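**Student:** The structure under discussion is supplied below as structure tokens; questions concerning it will follow.
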Amino acid sequence: MMQRPKRSNFYGLNPHKQFLQATFWVAFFVLSLSVVLYANDPSSEEIRSLWVVRYSMISPESIDHTLETASNLGFNNVFLQVRGRGDAYYSSQIVPRGRFLTDPDFDSLSYAVEKGHALGLKVHAWLNMFLVWSSPELPKDTTHLFLAHPDWLDESRNRKQNVEPNFVNGSGGTPRFISPAAKGVTDHFVTVLIEILDQYDVDGIHLDYVRLADLDYGYHSDSESQFVLKYGLRPDNIIKVGNRDEIVFLQSEWDRIRRESVTDFMRTYSEVVIANKPDCILSVAVKPNPSVAKNRYFQEWDLWLAEGLVDYVVPMNYATEMSEFQNHLSNIEVEVQRKYNRSIIMGLAVFNQSPESAAEKLKSLSSLNYAGYSVFSWNALQDSLESYSPFLDSMKSKR
């Protein structure tokens, strides 16, 4: 029969020695526990993440090359885009299959998770949320949200379905956002999320485009009806109210309703992740200036941190000029409490500037206590890895 281990002779000591020994062991225990917790805390290791756009998620060969190179370069996390424009780069019973996948039987996310874990990488499923289409051509699959739910498409103040200027000027396509306030949208995205959490051993869910298209959007009828019910007029008629103070008040209320539609979506998503896979990391790519994010795009990410809705925000600080890059950092410093720095992964760009310029920006983060950084994107790096050696060397010097 197994016997209990004998007690130590602690109680044979005199009271003073008992106190000294107790103090010593309590201090030793607390110190040891702190060391263990810190060693096992993901935030104790710098996060070095890489965004991987869906074009590199289409075959075993492309995934092998991407993840092996990422690991060799020193990245320890990858954001793999598995939802680009309302499509699925994984096996889904809900979302139409991504058009760049040619093998109907290939499950790119399953393959990438297994490969990434074998390489010691944390794998995050990256999903573009409210942006659902941007091609000049219509989706071919009739189950695509753009075709199946035109009633979910957001609208602008002048009743036009939303258009984001940067997209129009770039590709000629018209980007389409759906409204988070539209009835049925949140429920749909919850089923999308649960399917991924149930089927894949992902380390994290990384969200993008959790915002409105721009300042003049969010005029979906389901959003407007909330305002009409409370104030008796449509939000596009606010300017017709005679009293200036009343105009300011009503506009702030309309902005609040639009902002809360986005935040309420995040609250639901956070609850679903915790309920279904509590150890799964939830992160969101956000606009880098907190005020602009909140007041122009209705993306109140500082509140998301304060409410604990996300584990990390990833400000997309893609500025080419160092002065603008630093300005975004300063705005975060002023507008977001320092206690949330360890919940910030700073986003850096390599696609729109020289490797030397990107390296300079990476070095400038050394004095800040962020959780780490994320690079946009692998698809830019892979075209000329040798030419990016100044940036990659800067990565090594930070480790």
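The values are calculated or read from the model by the stated rules, or taken from the named source; none is laboratory data. Keep in mind that this is a model prediction, so the values were computed, not measured. Using ideal geometry, Cβ is built from the backbone for each residue, glycine included, and neighbour counts are taken over all protein chains shown.
**Student:** Does any residue of region 271-279 turn out to be of a type in the set (Asp, Glu) and touching a strand residue (DSSP E or B) at 6+ places or on another chain (Cβ under 6 Å)? Outline the logic, then answer.
**Tutor:** Here is the first cut: in region 271-279, the residues of a type in the set (Asp, Glu) are 271, 279.
Now narrow it down to the ones that are touching a strand residue (DSSP E or B) at 6+ places or on another chain (Cβ under 6 Å): none.
Within region 271-279, not a single residue is of a type in the set (Asp, Glu) and touching a strand residue (DSSP E or B) at 6+ places or on another chain (Cβ under 6 Å).
**Student:** Another question, then. Can you name the number of the only condition in (1) at pLDDT 95 or above; (2) buried (at least 23 other Cβ atoms within 10 Å of the Cβ) that residue 162 fails?
**Tutor:** The failed condition is (1).
**Student:** Give the residue, chosen from 147, 80, 67, that is closer than 18 Å to residue 184 by Cβ and outside any loop (DSSP other than H, G, I, E, B). Full working, then the answer.
**Tutor:** Values: 80 fails: closer than 18 Å to residue 184 by Cβ; 67 fails: closer than 18 Å to residue 184 by Cβ.
When all the criteria are applied, what remains is 147.
**Student:** A further question on this structure: Condition test on residue 351, is it at negative phi, aromatic (Phe, Trp, Tyr) and more than 19 Å from the chain's Cα centre (by Cα)? Walk me through it before giving the result.
**Tutor:** Numbers: at negative phi: yes; aromatic (Phe, Trp, Tyr): yes; more than 19 Å from the chain's Cα centre (by Cα): yes.
Yes; evaluated as a whole, the condition is true for this residue.
**Student:** Look at residue 132 and say whether it is within 22 Å of residue 350 (Cβ to Cβ), outside any loop (DSSP other than H, G, I, E, B) and β-branched (Val, Ile, Thr). Outline the logic, then answer.
**Tutor:** On the way: within 22 Å of residue 350 (Cβ to Cβ): no; outside any loop (DSSP other than H, G, I, E, B): yes; β-branched (Val, Ile, Thr): yes.
In short, no.
**Student:** Still on this structure: Checking residue 205 against (1) in contact with a Leu (Cβ under 8 Å, 6 or more places away or on another chain); (2) on the phi > 0 side of the Ramachandran plot, which test does it fail?
**Tutor:** Looking at each condition in turn, residue 205 falls short on (2).
For (1) under 21 Å from residue 296 (Cβ atoms); (2) in a helix (DSSP H, G or I), each residue gets a yes or a no:
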{"position": "188", "(1), (2)": "no, yes"}
{"position": "197", "(1), (2)": "no, yes"}
{"position": "201", "(1), (2)": "no, no"}
{"position": "206", "(1), (2)": "no, no"}
{"position": "214", "(1), (2)": "yes, no"}
{"position": "219", "(1), (2)": "yes, no"}
{"position": "223", "(1), (2)": "yes, yes"}
{"position": "228", "(1), (2)": "no, yes"}
{"position": "246", "(1), (2)": "no, yes"}
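**Student:** If I go through region 27-66 residue by residue, how many of them are modelled with pLDDT of 95 or more and more than 20 Å from the chain's Cα centre (by Cα)?
**Tutor:** 9
**Student:** Specify which of the listed residues (241, 248) is of a type outside the set (Gly, Ala, Ser) and at pLDDT below 95.
**Tutor:** Values: 248 fails: at pLDDT below 95.
Unique residue meeting the criteria: 241.
**Student:** Additional query: Do you know which residues across region 361-371 are free of Cβ contacts under 8 Å to residues at least 60 places away in the same chain and either hydrophobic (A, V, I, L, M, F, W, C) or touching a Pro at 6+ places or on another chain (Cβ under 9 Å) (or both)? Outline the logic, then answer.
**Tutor:** The initial filter retains those residues of region 361-371 that are free of Cβ contacts under 8 Å to residues at least 60 places away in the same chain, namely 361-370.
Listed by number, the residues that qualify are 362, 365, 368.
**Student:** Among the residues of region 294-310, write down those that are in a loop (DSSP other than H, G, I, E, B) and farther than 23 Å from residue 154 by Cβ.
**Tutor:** First, the residues of region 294-310 that are in a loop (DSSP other than H, G, I, E, B): 296-300, 307-310.
Listed by number, the residues that qualify are 307, 308.
**Student:** Could you say whether any residue in region 228-247 is under 26 Å from residue 134 (Cα atoms) and of a type outside the set (Ser, Thr, Tyr)?
**Tutor:** Step one: of region 228-247, the residues under 26 Å from residue 134 (Cα atoms) are none.
There is no residue in region 228-247 that is under 26 Å from residue 134 (Cα atoms) and of a type outside the set (Ser, Thr, Tyr).
**Student:** In region 179-194, which residue that is among the aliphatic types (A, V, I, L, M) and within 16 Å of residue 257 (Cα to Cα) is surrounded by the fewest Cβ atoms within 10 Å (Cβ to Cβ)?
**Tutor:** So in region 179-194, the residues among the aliphatic types (A, V, I, L, M) come out as 181-182, 185, 190, 192-194.
Still in the list and also within 16 Å of residue 257 (Cα to Cα): 181-182.
Values: 181: 26, 182: 19.
Filtering first and then ranking leaves 182.
**Student:** Any residue at all in region 270-280 that's free of Cβ contacts under 8 Å to residues at least 40 places away in the same chain, within 20 Å of residue 128 (Cβ to Cβ) and in a helix (DSSP H, G or I)? Give the steps one after another, and end with the answer.
**Tutor:** Just the residues of region 270-280 that are free of Cβ contacts under 8 Å to residues at least 40 places away in the same chain, to begin with: 271, 274-275, 278-279.
Going one step further and asking which of them are within 20 Å of residue 128 (Cβ to Cβ), we end up with none.
No, because not a single residue in region 270-280 is free of Cβ contacts under 8 Å to residues at least 40 places away in the same chain, within 20 Å of residue 128 (Cβ to Cβ) and in a helix (DSSP H, G or I).
**Student:** Evaluate region 211-221: report whether one residue or more is among the aromatic types (Phe, Trp, Tyr) and surrounded by 22 or more Cβ atoms within 10 Å (Cβ to Cβ).
**Tutor:** There is at least one residue in region 211-221 that is among the aromatic types (Phe, Trp, Tyr) and surrounded by 22 or more Cβ atoms within 10 Å (Cβ to Cβ).
**Student:** Residues of region 235-252 being touching a helix residue (DSSP H, G or I) at 6+ places or on another chain (Cβ under 7 Å) and surrounded by 15 or more Cβ atoms within 10 Å (Cβ to Cβ), which ones? Give the derivation first.
**Tutor:** Step one: of region 235-252, the residues touching a helix residue (DSSP H, G or I) at 6+ places or on another chain (Cβ under 7 Å) are 235, 238-239, 241, 247, 250-251.
Hits for region 235-252 are 235, 238, 241, 250.
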